[in-house]
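Notes for the one structure printed next.
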Amino acid sequence: MQIPEIIGAGLIVIGAGLGIGKIGGSAMEAIARQPEASGKIQTAMIIAAALIEGIGFAALFAK
């Protein structure tokens, strides 16, 4: 890998990590406000995190 590719890969990983962290934090706030909806919130959080992770992996391996 060359330097620009390494920098790009690092930015992808940081972006995906920030996105998943934001989703997790928002889900915890939502569950704290409405505990009875925790199942639906948790399901939506897991799906969104998986989609972000998938996009991150796809971007890492794309040339």
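The values are calculated or read from the model by the stated rules, or taken from the named source; none is laboratory data. A quick note: this is a predicted structure, and the numbers were derived from the prediction, not measured. When we count neighbours, we look across all protein chains shown, and the Cβ atoms used for this are built from the backbone with ideal geometry, even at glycine. Areas reflect the complete protein model, heavy atoms only, side chains present, ligands, DNA and RNA absent. Shrake-Rupley method; radii C 1.70, N 1.55, O 1.52, S 1.80 Å.
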Does A58 satisfy the condition of being surrounded by 12 or more Cβ atoms within 10 Å (Cβ to Cβ), at negative phi and part of a helix (DSSP H, G or I)? no
Kindly list, by first and then second residue, each pair from a residue in segment 1-24 that is under 14 Å from I55 (Cβ atoms) to a residue that is of a type in the set (G, A, S), limited to pairs with Cβ atoms under 7 Å and residues at least 6 apart or on different chains. I12/G56; I12/A59; V13/G56; A16/G56; I20/A49; I23/A48; I23/A49
From the option list I46, I23, single residue qualifying as open to solvent by 60 Å² or more (accessible area, probe 1.4 Å) and assigned to a helix (DSSP H, G or I) is I46
Segment 32-54 residues that are closer than 18 Å to L18 by Cβ, paired with ones that are exposed (fewer than 14 other Cβ atoms within 10 Å of the Cβ) and among the charged types (D, E, K, R) (beta carbon under 6 Å, 6 or more apart): none
